[in-house]
Amino acid sequence: MNDASKTIHQQITDAVEHSTPLRISAGNSKTFYGNHIDAQNLSLAEHHGITEYHPSELVVTVRSGTKLCDLEAELKSNNQMLGFEPPQHDAETTIGGVIASGLSGPRRATCGAARDFVLGTTIINGRAEKCRFGGQVMKNVAGYDASRLMVGAQGTLGVILDVSIKILPVNETEISLQLTTDAGTAIKHIQQWIMQGLPSSASCIFKDTLYLRLGSTHSAVKQSLQTINSVFDSTEIDNAFWSQIKNQTHDFFQNTEKLWRCSHQPTTERYGDDTTDNQLIEWGGALRWVKQEADLHAAAASHQGHATRYPLNSSDGTTTDIFQPLQAGILKLHKNLKQAFDPANIFNPGRLYSDL
């Protein structure tokens, strides 16, 4: 252990001994994403650094307090990247927060989610025990893959000390296009292009405009561009557009007081306010950002999907129960996992759901 991890371990040990709840933090860029926690702060900000990086093996192991921008800069120097393209809400965003929240960006639909790239984790559980799950290679497991259980758990199962992540090489060529079409037509063509093998790495539909990113070899991108232009008149735009979507800095995200993040099957019909100004669609139709005053949990459930309140940049703790309510069977599984990892409910109590 380094000095920072020893301090963290001691604070957890003391908290367990005295049954003191802990609020896990580092960059504090995602305080809006979950219920407010009134507890003693446990900061991981000083526990940072890349501990192992093997570019030829496409794997990196990094401490949880490492800033996302620092990790991505190191990967970029070797023409590599995080395949799930996580959002960076500000300069203090850390890789631990990225994994704990489980959020993925524009590339998720074609490359996979954050959970798909986690190979192993080291955590401290609610008994103050240091545990290592997984490793640095892909392998089949029986039962729960405990390292991936940490993805999206918001720290409720344990404190992530480090994580090993599969990485990807940067595409040889990547271009972004803009073309005019309605959402229904855009989604239909995106699905068709994917079936044809076009290397689409991101899509966004807003105000009857489809934004599409292609990434692969130069020849594959050139051929795909010809296929698209045989149907639409497209205009090439700067690839920087996707940073605005990934980091939620696009104009659409300026007012997020009533913003919802909804996920379901790509072909699901629109719901909520159908105004094009109030919806932004990603992942070929599977992710929809909706500005709607009404509660969308029930609407999402009726479409076999999920809706999450997304009060971006709000840290006042006034928004509660933002996540899709769990069905009884799933809730029981969550409670069993919480009992197994954190029986005294030390870590981020109520962060995900008030009764967890």
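Among beta bridges identified by DSSP and lying wholly in the chain, the antiparallel ones come to about 90 percent. Relative to the longest principal axis of the Cα atoms of the chain, the long axis of helix 183-195 makes an angle of roughly 80 degrees. Residues considered: Thr249, Thr121, Thr93. Largest GNM mean-square fluctuation over the chain, using C-alpha springs under 10 Å, is found at Thr249. When the P(r) is computed for the stretch 150-307, the part past 22 Å accounts for 50% of the Cα-Cα pairs. Most tightly packed first, judged by the mean number of other beta-carbon atoms within 10 Å of their residues, the peptides 202-213, 171-182 read 202-213, 171-182. Relative to its residue count, the stretch 92-231 spans a Cα convex hull of 155 Å³ per residue. Relative to the longest principal axis of the Cα atoms of the chain, the long axis of helix 328-341 lies at roughly 50 degrees. Hey, rough spin-label estimate for Lys188 and Asp233, points 7 angstrom out along Cα→Cβ, what's it come to in nanometres? Each label point lies 7 Å from its Cα, and together they span 2.1 nm.
Taking the C-alpha atoms only, the angle from helix 218-229 to the longest principal axis of the chain is near 60 degrees. Under 5 Å between amide hydrogens, built in the peptide plane, is the criterion, and for Met81 it picks out Leu168, Val170 among residues at least 5 positions away or on other chains.
Roughly speaking, what is the stretch gain from Leu58 to Ala240, that is 0.36 nm per residue apart minus the C-alpha to C-alpha distance, in nm to one decimal? Present the calculation step by step, with values, prior to reporting the outcome.
Numbers: separation 182, 0.36 × 182 = 65.52 nm, distance 2.49 nm.
Length difference between fully extended and current span is 63.0 nm.
Distance from the alpha carbon centroid of the stretch 116-133 to that of the stretch 158-181 works out to 24 angstrom.
Using a simple spin-label model with pseudo-atoms 7 Å out from Cα toward Cβ, Glu257 and Val170 lie 4.1 nm apart. Restricting the calculation to Cα atoms, the chain shows an Rg/Rh of 0.97 when the hydrodynamic-style radius is the Kirkwood one.
Suppose a student asked you for the relative contact order of the chain, using Cα pairs under 8 Å spaced at least 6 residues apart; what percent would you report?
Taking the mean separation of contacting Cα pairs over the length of the chain, I get 21 percent.
3J(HN,Hα) couplings calculated from phi for the stretch 296-305 with the Karplus curve 6.51 cos²θ - 1.76 cosθ + 1.60 (θ = phi - 60°) are, in sequence order, 9, 4, 5, 4, 5, 4, 5, 9, 6, x Hz; Gly and Pro show x.
Quick note: the coordinates plus some simple rules give every number you see, no bench work behind them. On a predicted model such as this, the values are computed, not experimentally measured, just so you know. When we count neighbours, we look across all protein chains shown, and the Cβ atoms used for this are built from the backbone with ideal geometry, even at glycine.
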